[in-house]
Amino acid sequence: DPGNPATGATGPALSSPVINNLLARLQGLTAEKPASPGRAIDDIRNALLAQARAEHGASAQLSPRDNDTMDLLGLLYRQIQAHMRSDGSAGELLTQLQLPVVRAAITDPGFFVRDEHPARELLNAVAESGAAWLGNEDIDNVLVQKLGQTVQKVVSEYNGDEQVFAAATEEIQAHYRNAAHKAEL
C-alpha cells in the first residue's frame, strides 16, 4: 500500500527473507544486551524500518501483511500485559521474547490461527506465571530463574525452528509439574 501511514514510505515492500534477516540481526543484538523493559512491538517495527531504510533505501517498507502482523502482535502484547502485574519480572521476560515472536509470526502465516503454535504456547506459559503472582510473597524465585534462563535460551537460539519454543514451553511445564508434585508430598 503506497500510502500506508505506518511505514511512511512509498517504495516496494521488503521480502520476507530480508525482513527475517533484519529481525535476526536485531534479535542477536538483544541476546547480547537485554531489551529495555518498556519496549513495544512498535519500537521493533521502527527499528526494523530504520535498519531496512539504511540498507535498502529511504523508500523501503513492510508489506501490508507484515504491517498487519506487527499490528496484531502489538494488540496481543497489550492484551497480555493488561492482565499482569506491572512490576513483575514476567513482563520483562515477555519483552525479551518479542523479537523471536515477531520473527515466528512474520515467517508463519498460521501464527494467529493455530491455537497450539509453539511461540504462542510459550507466551501463554510466561504470561500465566506473571498473572498468577499477586504480590512479592507469591513469586516463586526458582520459577523466575527458570523462566529467565528459558527465555534467554530462546532469544539466543531461535532461528526459524519453532521447536525452540516448544522445548522452552516443555521446560517451564516440567518445572510446574515438579513444583506441584513437591506440594503434594
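Residues of segment 1-39 that are at pLDDT below 70, open to solvent by 50 Å² or more (accessible area, probe 1.4 Å) and among the hydroxyl-bearing types (S, T, Y): T10 alone.
Among residues of segment 60-85 that are closer than 23 Å to Q96 by Cβ, those with a Cβ under 7 angstrom from a residue that is among the acidic types (D, E) and open to solvent by 60 Å² or more (accessible area, probe 1.4 Å), sequence gap 6+ or separate chain, pair up as G74/D42. Against the condition open to solvent by less than 10 Å² (accessible area, probe 1.4 Å) and among the aliphatic types (A, V, I, L, M), how does L76 come out, does it pass? For L76, the condition - open to solvent by less than 10 Å² (accessible area, probe 1.4 Å) and among the aliphatic types (A, V, I, L, M) - is not met.
Kindly indicate whether any position in segment 130-144 is at pLDDT 90 or above, more than 15 Å from Q96 (Cα to Cα) and surrounded by fewer than 18 Cβ atoms within 10 Å (Cβ to Cβ). Taking every residue of segment 130-144 in turn, none turns out to be at pLDDT 90 or above, more than 15 Å from Q96 (Cα to Cα) and surrounded by fewer than 18 Cβ atoms within 10 Å (Cβ to Cβ). Could you list all residues from segment 161-175 that are β-branched (V, I, T) and without any contact (Cβ under 8 Å) to a residue 60 or more places away in the chain? T169, I172 - these are the residues of segment 161-175 that are β-branched (V, I, T) and without any contact (Cβ under 8 Å) to a residue 60 or more places away in the chain. Cβ-Cβ contacts under 8 Å between residues 6 or more apart (or on different chains), taken from a first residue in segment 147-160 that is in a loop (DSSP other than H, G, I, E, B) to a second residue that is open to solvent by 40 Å² or more (accessible area, probe 1.4 Å), are listed as G160/N20; G160/T107. Between V113, V126, V151, the distinction of being crowded, with 22+ Cβ neighbours inside 10 Å and at pLDDT 90 or above belongs to V151 only.
The values are calculated or read from the model by the stated rules, or taken from the named source; none is laboratory data. This is a predicted model, so every value here is computed, not measured. Cβ coordinates were reconstructed from backbone atoms using ideal geometry, including for glycine residues, and neighbour counts include every protein chain displayed. Heads up: the accessible areas ignore ligands, DNA and RNA and are worked out on the full protein's heavy atoms, side chains in. Shrake-Rupley method; radii C 1.70, N 1.55, O 1.52, S 1.80 Å.
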